[in-house]
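Note sheet for the following structure.
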Amino acid sequence: MHRTARRASGGAALLLAATLVLTACGPQSQGGGGDETTGTSTETDDGGSTELSIVPSVQIDIEGAEVEATEGGDPADPAGDGSAECAEGTAIAMAGALTGPNAALGLNILYGAQLAVDEFNAANPGCQVTIKEFDTEGDPQKATQVAPQIVGDASVLGLLGPAFSGETAATGDVFNQAGLLSLSASATNPDLTKNGWTNFFRGLANDAVQGPSVAKYLVNTKSFGSVCVVSDNSDYGIGLAQQITEGLGDAANDECAAEVKTGDKDFSAAVQIISGADADAVFYAGYYAEAAPFVQQLRDGGVDIPFVSADGTNDPQFVSQAGASSEGAILSCPCGPAPDEFAAAYEESAGQAPGVYSVEGYDLATIMLSGIASGVADRAGLIDYVANYSGDGLARTYEWDSAGELAAALIWIYEVQ
C-alpha cells in the first residue's frame, strides 16, 4: 500500500484540480446480493459510446454564489509520526448501509476509513487499530438492532456513523447514553444536532446549509423560475425537500410538487404531474436507488428539463443505473471531491474509484486515529478530543461548535458529463 502524499494537497485548490473524482468507471457492487453493475458507457448517435462521470463544477456559499477555490493548509496524515502506542485490540466502528439498494454510500465511507486505518497501522507498530463493520442496510429499524452491539463492544472507542439521517435519529440516544463518539460523514438532516446529544458531530454541512445554497444557485445562477420538488419519505428526503422548497420561494411550483416512497420503482404518477407543468427543472430529494429509475422515466416520458438532486444521489451508482438518462444532471453535495493521489491510493485499496463521502470517511477516521495516537484510551476522551479538534483534512477544515456542527462549510455543485 502506497501512502497518500498530501503535503501540497490541502484545501479546495487541489480538490478542484482533481481528475479522479466520483468517476463511474468500472464495476461497483450495490451490496444487495444482486449482480454488479458495470460501466457507464452510453451509445452516441453514430453508434459509438461515451463514458459519463460526475464532475465537480463550482463551490457555492449560502447565497448560492460561486466561491473561488482557495488554497488550504496541510491536511492531517493518518500515519502521524509513527510513535503511537495503544492497548491491544483497540478499535473504531463504522455503521451504515453496507448491503441493500443504497449500499454504495456506506461502502464509500468504509473504504475511505479503511485506507486511513491501513496507513496508520503501517506506520505505527506500537498501535494496531481495527475498524469493525456494522451493517444497518440504511434502515432505522435495523440500526436500532445493531446499535446495542456497537456500544456493547468495549474495544470500540469511537463510531464513524451512522451514515443515514433516519438511522442516526433512531439510534442517537443509545450512543449518547453510552458516551460513545458518533462522528457522521454523511447524515445531513439539520434536526440531528438539536437533540442535546453531546457525543454527536457532523463532518460536513447540513441540509439547512445545502438546501438554501442550492435553491439560490438554481434561481440566481441557473435562472430557473419554476422548479418541481419531489421528495421520498425518508428523514433525509423530507428535511432536504423542505429546505429546498423554502429556499426556492416563489420558484417552487406547488402544482408539480410530488412525494414518492423509498423502494418505489414506478414513478408514472409523478412523471405525469411534471410533464403537464410549465417547469424549468425537477429537484429530487432522495437516494440514487430511486433517482436512477425516476430520471429514466422522466426522459422516457418526454420530460427533458434539467434533473437536479443532492448528496443522496451523488454517487457513481446513479450514473451506472440511470445510464444516458443521467447526462446533464446537476448534483449538489456538502462533500469534497477526491484529490488525485488520494483517489489512486483509494482505488488500489478498495478496487474501485472513490465516491460520495469517501474523502470524508478518510478524514474523520484520521481524526479519530490522531486522537488515539495522542494517548486517548477511552470513549469519553475521544469525545473530548473531537470537541476541541481544529485542523485541515483533504475535504475541508474540521472544527466544531458546541452543537456538533462544523464552524464553516460550503457546498459543491457537480454535473454528470
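The values are calculated or read from the model by the stated rules, or taken from the named source; none is laboratory data. Since we're looking at a predicted model, the values are computed, not measured. Cβ atoms come from the backbone with ideal geometry, glycine included; neighbour counts cover every protein chain shown. Note: accessible area is taken over every heavy atom of the protein model, side chains too, but ligands, DNA and RNA are not part of it. Shrake-Rupley method; radii C 1.70, N 1.55, O 1.52, S 1.80 Å.
Among GLN114, GLN210, which is the only one that is under 29 Å from GLU341 (Cα atoms), open to solvent by 30 Å² or more (accessible area, probe 1.4 Å), under 17 Å from the mean Cα position of the chain (by Cα) and not charged (D, E, K, R)? Before the answer, list the steps.
Details: GLN210 fails: open to solvent by 30 Å² or more (accessible area, probe 1.4 Å).
Being under 29 Å from GLU341 (Cα atoms), open to solvent by 30 Å² or more (accessible area, probe 1.4 Å), under 17 Å from the mean Cα position of the chain (by Cα) and not charged (D, E, K, R) holds for just one of GLN114, GLN210, which is GLN114.
The condition of being in a strand (DSSP E or B) and either of a type in the set (Gly, Ala, Ser) or open to solvent by less than 30 Å² (accessible area, probe 1.4 Å) (or both) holds for only one of GLY172, GLY138, GLY158, that being GLY158.
Pairing each residue of segment 101-124 that is touching a residue at least 60 places away in the same chain (Cβ under 8 Å) and closer than 11 Å to TYR362 by Cα with any residue that is part of a helix (DSSP H, G or I) and open to solvent by 10 Å² or more (accessible area, probe 1.4 Å), provided the two are 6+ apart or on different chains, yields C-beta distances under 7 Å for TYR111/SER349; TYR111/ALA350; GLN114/SER349; LEU115/SER349; ASP118/SER349.
Only one of ILE244, ILE238, ILE274 is touching a residue at least 40 places away in the same chain (Cβ under 8 Å), open to solvent by 70 Å² or more (accessible area, probe 1.4 Å) and not in a strand (DSSP E or B). Can you tell me which? Quick ask: steps written out before the conclusion?
Details: ILE244 fails: open to solvent by 70 Å² or more (accessible area, probe 1.4 Å); ILE274 fails: open to solvent by 70 Å² or more (accessible area, probe 1.4 Å).
Sole residue among the options that is touching a residue at least 40 places away in the same chain (Cβ under 8 Å), open to solvent by 70 Å² or more (accessible area, probe 1.4 Å) and not in a strand (DSSP E or B): ILE238.
Every test in (1) farther than 30 Å from ILE305 by Cβ; (2) open to solvent by 20 Å² or more (accessible area, probe 1.4 Å) is passed by LEU394 save one, and that test is (2).
Among the residues of segment 348-369, those that are assigned to a helix (DSSP H, G or I) and surrounded by 20 or more Cβ atoms within 10 Å (Cβ to Cβ) comprise SER358, VAL359, GLU360, GLY361, TYR362, ASP363, LEU364, ALA365, THR366, ILE367, MET368, LEU369.
If you take the residues in segment 397-407 that are open to solvent by 60 Å² or more (accessible area, probe 1.4 Å) and more than 15 Å from ALA185 (Cα to Cα), which one is nearest to the chain's Cα centre (by Cα)? Step through it out loud before you land on a result.
The first filter runs over segment 397-407 and keeps only residues open to solvent by 60 Å² or more (accessible area, probe 1.4 Å), leaving 397, 399, 401-402, 407.
Subsequent filtering for residues that are more than 15 Å from ALA185 (Cα to Cα) retains 401-402, 407.
Values: ASP401: 21, SER402: 23, ALA407: 18 Å.
Taking the candidates together, the pick is ALA407.
Does LEU115 satisfy being closer than 19 Å to TYR357 by Cβ, in contact with a Ser or Thr (Cβ under 8 Å, 6 or more places away or on another chain), assigned to a strand (DSSP E or B) and not basic (Lys, Arg)? No. Here the condition is being under 30 Å from ALA407 (Cα atoms), surrounded by fewer than 22 Cβ atoms within 10 Å (Cβ to Cβ) and either in contact with a helix residue (DSSP H, G or I) (Cβ under 6 Å, 6 or more places away or on another chain) or basic (Lys, Arg) (or both); of LYS222, LYS261, it holds for LYS222 alone.
Mind telling me which of the residues ALA252, ALA269 ends up being surrounded by fewer than 18 Cβ atoms within 10 Å (Cβ to Cβ), of a type in the set (Gly, Ala, Ser) and in contact with a strand residue (DSSP E or B) (Cβ under 8 Å, 6 or more places away or on another chain)?
Details: ALA252 fails: surrounded by fewer than 18 Cβ atoms within 10 Å (Cβ to Cβ).
Among ALA252, ALA269, only ALA269 is surrounded by fewer than 18 Cβ atoms within 10 Å (Cβ to Cβ), of a type in the set (Gly, Ala, Ser) and in contact with a strand residue (DSSP E or B) (Cβ under 8 Å, 6 or more places away or on another chain).
Could you tell me which of the residues ALA343, ALA292, ALA322 is open to solvent by less than 10 Å² (accessible area, probe 1.4 Å), part of a helix (DSSP H, G or I), aliphatic (A, V, I, L, M) and under 13 Å from LEU115 (Cα atoms)? From the options ALA343, ALA292, ALA322, the qualifying one is ALA343.
Cβ-Cβ distances below 7 Å connect the following pairs, each with a first residue in segment 382-401 that is under 14 Å from LEU183 (Cα atoms), a second residue that is of a type in the set (D, E, K, R), and a separation of six or more residues or different chains: TYR389/GLU399; TYR398/ASP363.
Can you pull out the residues in segment 371-384 that are surrounded by 20 or more Cβ atoms within 10 Å (Cβ to Cβ) and either out of contact with any Cys (no Cβ under 8 Å at 6 or more places or on another chain) or outside any helix (DSSP H, G or I) (or both)?
The initial filter retains those residues of segment 371-384 that are surrounded by 20 or more Cβ atoms within 10 Å (Cβ to Cβ), namely 371-373, 376, 379, 382-383.
Matches in segment 371-384: GLY371, VAL376, ARG379, LEU382, ILE383.
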